[in-house]
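Every number in this text was worked out from the coordinates using simple rules, so none of it is lab data. Remember, predicted model here, so these are calculated numbers, not experimental data. We place every Cβ from the backbone using ideal geometry, glycine too, and count neighbours over all the protein chains shown.
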Amino acid sequence: MKDFLEWRHAFKLDPAKELDDEALERVCESGTDGIIVGGTDGVTLDNVLAILMRIRRFSVPVMLEVSDPDAITPGFDGFLIPSVLNTNDARWIKGHQHAAIREFGELMDFEEVIPEGYVILNPDCKAAKLTGADAAIDEEDILAYARMVEHFFRLPVLYLEYSGTYGDPETVRAAAGVLHQTRLVYGGGIRGPEQAAEMAAHADLIVVGNALYDNLAAALKTVRAVKETDKMT
Ligand code: 1GP
């Protein structure tokens with residue numbers, strides 16, 4: 001199994017959304033490097049467990065991206081813990097994380113935990129509204145966050161989150177250009193293979209979410225697009 005920090009392509013499944021068994025099988029058997037289970041609202045322990053059990057029928061790795069500590073359960077290959085950097089609401093930077101570690105810290109295997117420096121760049125997405133993220137920032141701001149994540153907080157991952165909208169590939173390229181150790185994850189608005197290839201040329205990992213629910217066939221083609229991109233480089 002490829003370590004999360006080596007993944008190039010991931011599908012993000014929202015436990016609060018419906019995906020039938022046949023579609024889920026196609027996602028899990030698609031050749032993607034792994035599945036991230038995560039969503040912003042309606043995530044409960046019950047629906048996280050339900051989707052985990054369904055995904056575990058397949059051999060694909062699966063990570064939980066934690067948005068609500070009450071929905072944490074063992075059984076995942078690892079746990080992604082976002083810290084939203086472009087909010088001034090400290091609860092989303094370190095408050096919820098502190099509460100979770102206070103409760104579960106003694107039981108936690110920190111080898112399985114990957115903190116993510118999260119920068120939310122679509123002002124209209126649910127995550128931006130929930131966390132009070134200031135998404136109206138320019139490229140210089142984003143590059144400063146990238147440098148902070150790598151050199152100041154020394155996090156393994158910077159996640160540029162454009163959830164629901166396609167970002168600017170030039171900005172993603174610029175962010176990749178200032179990162180050396182930290183992995184750059186891009187997510188948002190990838191609808192099909194062309195966009196997947198475009199972003200995978202700059203980001204270390206691309207994440208495809210909504211397209212799975214809107215146009216499964218196009219979403220599945222993003223897996224191959226990333227592999228083709230890698231063959232060309
Ligand atoms: C969402 O970054 C992911 O957290 C993927 O975004 O749903 O827009 O593909 P989309």
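How do 147-153, 114-120, 15-21, 220-226 rank on mean C-beta neighbours within 10 Å, highest first? Please list the in-between numbers first.
Details: 147-153: 16.9, 114-120: 24.1, 15-21: 13.0, 220-226: 21.4.
Final packing ranking: 114-120, 220-226, 147-153, 15-21.
Pull out a ≥ b ≥ c, the square roots of the eigenvalues of the alpha-carbon gyration tensor of region 95-183, then state rounded if a/c is under 1.5, prolate if not and a/b is larger than b/c, and oblate in the remaining case.
oblate
Which whole-number percent is the relative contact order of region 4-232 (Cα, under 8 Å, 6+ apart)? List each step's numbers first, then the result.
Details: 431 pairs, mean separation 39.6, N = 229.
RCO, region 4-232: 17 percent.
Across the chain, how large is the tail of the calculated P(r) beyond 27 Å, expressed as a percent of all Cα pairs?
Working: 7517 of 27028 pairs.
Across the chain, Cα pairs with separations above 27 Å total 28 percent.
Using R0 = 25 Å, the C-beta based FRET efficiency linking SER59 and LYS126 works out to 0.20.
A cut-off under 12 angstrom between Cβ atoms defines the neighbours of GLY34, and their net charge, with Lys, Arg +1 and Asp, Glu -1, is -2.
Once both labels are positioned 7 Å from their Cα atoms along Cα-to-Cβ, the gap between THR233 and LEU143 label points is 1.9 nm.
In this label model, ILE101 and HIS151 are separated by 2.4 nm, measuring between points 7 Å along each Cα→Cβ vector.
Projecting the Cα atoms of ALA133, ILE51, VAL62 onto the charge dipole of region 4-232, computed from C-beta unit charges around the Cα centre, puts VAL62 farthest toward the positive end. Over region 121-233, Cα pairs under 8 Å with separation of 6+ residues give a relative contact order of 21 percent.
Using packing as a proxy for protection, rank 161-174, 181-194 so that the peptide with the highest average count of other Cβ atoms within 10 Å comes first.
Working: 161-174: 17.5, 181-194: 20.6.
Per-residue mean Cβ counts within 10 Å order the peptides as 181-194, 161-174.
Mind checking the dipole of region 4-232: about its Cα centre, +1 per Lys or Arg Cβ, -1 per Asp or Glu Cβ, Debye to the nearest 20? Walk me through the numbers before you get to the answer.
Working: 21 positive and 38 negative charges, 53 e Å.
Using only the charged Cβ atoms, the result is roughly 260 debye.
Over every pair of different alpha-carbon atoms in region 13-81, take the mean of 1/r and invert it; report that Kirkwood radius in Å.
On the way: mean 1/r = 0.0837 Å⁻¹.
The answer is 12.0 Å.
Compute the Cα gyration tensor for region 177-233, then decide on rounded, prolate or oblate, letting a ≥ b ≥ c be the square roots of its eigenvalues: rounded whenever a/c is under 1.5, prolate when a/b is larger than b/c in the other cases, and oblate in all that remain. Don't skip to the answer; put the middle values down first.
Working: a/c = 2.91, a/b = 1.56, b/c = 1.86.
Since a/c reaches 1.5 but b/c is at least a/b, the shape of region 177-233 is classed as oblate.
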